[in-house]
Amino acid sequence: MLEPTIAGRAPIAIDVEAGKTYYWCSCGRSSTQPFCSGAHQDSGFEPIAYVAERTGRVYFCACKQSAKKPLCDGTHKTLPLPIAVASGSS
Ligand code: FES
């Protein structure tokens, strides 16, 4: 099964407008997080459309693991920590 790239480890707050459609990045490759930039080409992922029900702030998932995609459900708090990269000291 394909795994998305973790684009961030905390949700991204966006002020949305009622009735407007937003295309959430599901692959994690987009440079315009949390939204699609077209970077999913050939990744096996497609953006997910989100239509704002009301004007206000919503929290989009950046870790791409939420069960309530495209919105954050707190799953990012359960992700394992990234592996530290050696600083090159020798
Ligand atoms: S950022 Fe993905 S669940 Fe919170």
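Each value in this text was obtained by applying a stated rule to the coordinates, not by laboratory testing. If you're wondering where the values come from, they're calculated on a predicted model, not measured in any experiment. Positions of Cβ are backbone-derived with ideal geometry, glycine not excepted, and every protein chain shown enters the neighbour counts.
Assuming residue 76 fulfils every condition listed in (1) within 12 Å of the ligand (Cβ to nearest atom); (2) touching a strand residue (DSSP E or B) at 6+ places or on another chain (Cβ under 6 Å) apart from one, which condition is it?
Every condition holds for residue 76 apart from (2).
If the Cβ limit is 6 Å and pairs must be 6+ apart or interchain, which residue in segment 50-74 that is on the phi > 0 side of the Ramachandran plot pairs with which residue that is more than 7 Å from the ligand (Cβ to nearest atom)?
Hits for this filter: 64/4; 64/28.
Going residue by residue through segment 11-20, is there one that turns out to be of a type in the set (Asp, Glu), exposed (fewer than 10 other Cβ atoms within 10 Å of the Cβ) and either without any contact (Cβ under 8 Å) to a residue 40 or more places away in the chain or part of a strand (DSSP E or B) (or both)? Show your work before the answer.
Initially, segment 11-20 is screened for residues of a type in the set (Asp, Glu), giving 15, 17.
Cutting the leftovers down to exposed (fewer than 10 other Cβ atoms within 10 Å of the Cβ) gives us 15.
Now restrict to residues that are either without any contact (Cβ under 8 Å) to a residue 40 or more places away in the chain or part of a strand (DSSP E or B) (or both): 15.
Yes, segment 11-20 has at least one match.
Is one or more of the residues making up segment 25-34 within 16 Å of the ligand (Cβ to nearest atom) and either in contact with a helix residue (DSSP H, G or I) (Cβ under 6 Å, 6 or more places away or on another chain) or among the charged types (D, E, K, R) (or both)?
Scanning segment 25-34 turns up at least one residue that is within 16 Å of the ligand (Cβ to nearest atom) and either in contact with a helix residue (DSSP H, G or I) (Cβ under 6 Å, 6 or more places away or on another chain) or among the charged types (D, E, K, R) (or both).
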